[in-house]
1. Name the residues whose placed amide hydrogens come within less than 5 Å of the amide hydrogen of Cys192, ignoring near sequence neighbours (fewer than 5 apart) on the same chain.
2. Counting other beta carbons within 10 Å of each residue's own, what order do Phe94, Phe76, Phe219 fall into, fewest first?
3. What distance in nm separates the simple spin-label points at Thr67 and Asp44, each placed 7 Å from Cα in the Cβ direction?
4. Under the 0.36 nm per residue contour assumption, what length would be gained going from the current alpha-carbon distance of Leu102 and Thr217 to full extension?
5. Using a 10 Å cut-off around each Cβ, can you sort Leu147, Leu71 from fewest to most neighbouring Cβ atoms?
6. Need the list of lysines near Lys53 for cross-linking: C-alpha distance under 29 angstrom, and skip anything on the same chain fewer than eight residues off.
7. Output ³J(HN,Hα) for the stretch 44-53: one whole-Hz value per residue in order, computed from phi by the Karplus curve 6.51 cos²θ - 1.76 cosθ + 1.60 with θ = phi - 60°, and x for Gly and Pro.
8. Using a cut-off of under 17 Å, list every residue of the stretch 138-164 whose amide N is near the label point 7 Å from the Cα of Asn173 along the Cα-to-beta-carbon line.
Amino acid sequence: MLTAPGNDRLAKERLAKLIKELRGHATQREFAKMLGTSYTAIQDWEKQVRLPKDINLGRIAKLKGWTQDELFRYLFVLDAQSEIFPADSLEIIFTHIQSLSLSQMQELSHYLKVQLSEVQNIKETSASCLLSEKQKHNLHVLLRASLREQSPTEAMARVGIAAELFTDVFLRNNKNRLVDYDSLEKLSGLCCRVIRWQADQLPEIDCSQTYLGETMTLFNALAGGDEEIAS
């Protein structure tokens, strides 16, 4: 058993944090199978009941992308400056995948397909629930303000927005038009950042910035239309 006099409690706390980080969205049983240990061991580590044996310590270090000595220092060294900073999570995954058996890879593939499907379903349905009639109207207004100095057709083509969707939002102000999450992400690249938005006026905008990659920030701006918005 891994021990260190007077520092056992700290090591258990850090181990529990590390195990939860490595486990991610996997269940304790799934992670135990991936690590090659028992389900009860994962439970005990996360509950800070005990520390792992050397063989499991080595497996944890390998999954993290560390040497066993680096893991030992992370668990027991009090000086925060001496702790090992986390490695890139994707690199850890790629390294671990190489050691999986064919059946484990098939199981991982199935798990990833299920997760991807769930994410896509959320993205496809979330925007229709998020955008109220007011928000769709504000999207229309913000697009018109943002594209005053641009060609709408060229802007639409540049970000790959469907012509019918763009027409319904940009020209017709169709409040019943479904705007899925992917389309809202694309539109975010055309919407300039709001500086001030007052009733019955086009919003004041910063034409040098858009909401590209910040879909939820755009959503909040649309929800707050007709009032002042901090830049």
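Bear in mind that the values in this text are calculations on the coordinates, not laboratory data. From a predicted model like this one, the values you see are computed outputs, not experimental measurements. Cβ placement follows ideal geometry from the backbone for every residue including glycine, while neighbour counts extend to all protein chains displayed.
1. Amide H neighbours of Cys192: Ser146.
2. Taking fewest neighbouring Cβ atoms as first place, the list is Phe94, Phe76, Phe219.
3. 2.8
4. 37.2 nm
5. Leu147, Leu71
6. Lys12, Lys17, Lys20, Lys33, Lys62, Lys64
7. 5, 5, 6, 8, 6, 7, 8, 9, x, 6
8. Counting only backbone N, you get 138-148.
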